[in-house]
1. Quick check on segment 53-209: what does the Kirkwood estimate of hydrodynamic radius come out to from the alpha carbon pairs, in Å?
2. Pick from LYS72, LYS40, LYS136 the residue whose mean-square fluctuation is largest in a GNM of the chain, springs joining Cα atoms under 10 Å.
3. Express in nm, to one decimal, how much length is gained between VAL70 and ASP207 on full extension, taking 0.36 nm for each residue of separation and deducting their alpha carbon distance.
4. Keeping the other protein chains in place, figure out the carbon and sulfur percent of the accessible area of segment 25-136, with a 1.4 Å probe.
5. Any chance you could check the Cα centroid distance between segment 1-37 and segment 221-298 for me, in angstrom?
6. Using only the Cα atoms of the chain, what semi-axes does the equivalent ellipsoid have when each is the square root of 5 times a gyration tensor eigenvalue? Give whole Å, largest first.
7. How far apart, in nm, are two points set 7 Å out from the Cα along the Cα-to-Cβ line at ARG152 and at VAL174?
8. Can you list which of the DSSP-assigned H helices in the chain have a Cα extent of 15 Å or more along the long axis and an average Kyte-Doolittle score of at least -1.0?
Amino acid sequence: MTVPDPPGQDADVAGFLAALGLPGLVDVHVHFLPENVLSKVWAYFDRAQEHYGVAWPVHYRLAEHERLDVLKGLGVATFAPLVYPHRPGMARWLTEWVTAFAAATPGAVPTATLFPDPDVVDYLGSAVEAGARVVKAHVQVGGFDPREPVLRDAWGLLAEAGVPVVVHCGDGPVRGAHTGLDVFAEVLAAHPRLRAVLAHAGMPDFDGALDLLARHPHCHLDTTMVGTPFTETFAPLPPDWPARLHDVADRVVFGSDFPNIPYAYAEQVRAVATWAAADDRLGVPFLRSVLHDGPARLLGLPV
Ligand SMILES: [Zn+2]
């Protein structure tokens, strides 16, 4: 079977999934936040030109129920609503908020977040016990050092429990005080069983991300914003990217950053389809794995 025509617009995504024989898409990197936090995030993107040097018009600036309808219409069967704090003392209540959100929202899996708070092991442990399927750690926005001693037991707890953690530790779209894959590599070295998912495939250090996957069999990467026309302008993929995915194909999972993306969701699906079509060894099995089976396995869902 050859790779079906990639979706040109959002209305084509569900048909594309059906052509692949998939029951739906599993997206490990979606954001839902309390309204007051989300409005601050959107205000930040409104001034993206000054923060990032590039305009970032949020494409899905809609009410919460409308955003959920968009995901449903796209054929997103399951998604991880990720939350993240930018200051101390915020991760516990964000985690409590998202736990309640997931319980009330069909298709959403329970998630949690972390920050080097003195009580991090306490709230993270509760979230894991309550069934959190994935955790978000945002090293750039949080401005913390992932090697902080107070986090040692938190990473250990996640490694022990086998709960994956989506880590934004790359230098894109802007460098943070403690970003860089070399920094997070030290966490992985100390916790080799940690199921870390390198958000944005480590953007812009795609080589570094593939190196970490080669060294750590539990390490994954997500596709979030990777290879879209928007991102290619400032963080282009290496030309041999599709070929290099072959060895790690089962650890590449679909993520989108919905709703805070400056383009249509279909563009992310199209990027992944382009990689699949570019290398004969990838093709449809790779697409089915990235869009569904890989992320489903990661989140502990039936495949
Ligand atoms: Zn994100």
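1. Kirkwood hydrodynamic radius for segment 53-209: 16.3 Å.
2. Maximum among the listed residues: LYS40.
3. Length difference between fully extended and current span is 46.0 nm.
4. That fraction is 56 percent.
5. So the separation of the two Cα centres works out to 12 Å.
6. Listed largest to smallest, the semi-axes of the chain are 27, 22, 20 Å.
7. Between ARG152 and VAL174, the label points sit 3.3 nm apart.
8. Working: long enough: 35-46 (16 Å, -0.05); 64-74 (16 Å, -0.63); 91-104 (20 Å, 0.61); 149-161 (19 Å, 0.51); 266-278 (18 Å, 0.47).
In the chain, the long hydrophobic H runs are 35-46, 64-74, 91-104, 149-161, 266-278.
The values are calculated or read from the model by the stated rules, or taken from the named source; none is laboratory data. Everything numeric in this text was worked out from a predicted model, so none of it was measured. No Cβ is skipped: glycine too gets one built from the backbone with ideal geometry, and neighbour counts run over all protein chains shown. In case anyone asks, the SASA skips ligands and DNA or RNA and just uses the protein heavy atoms, side chains included. Shrake-Rupley method; radii C 1.70, N 1.55, O 1.52, S 1.80 Å.
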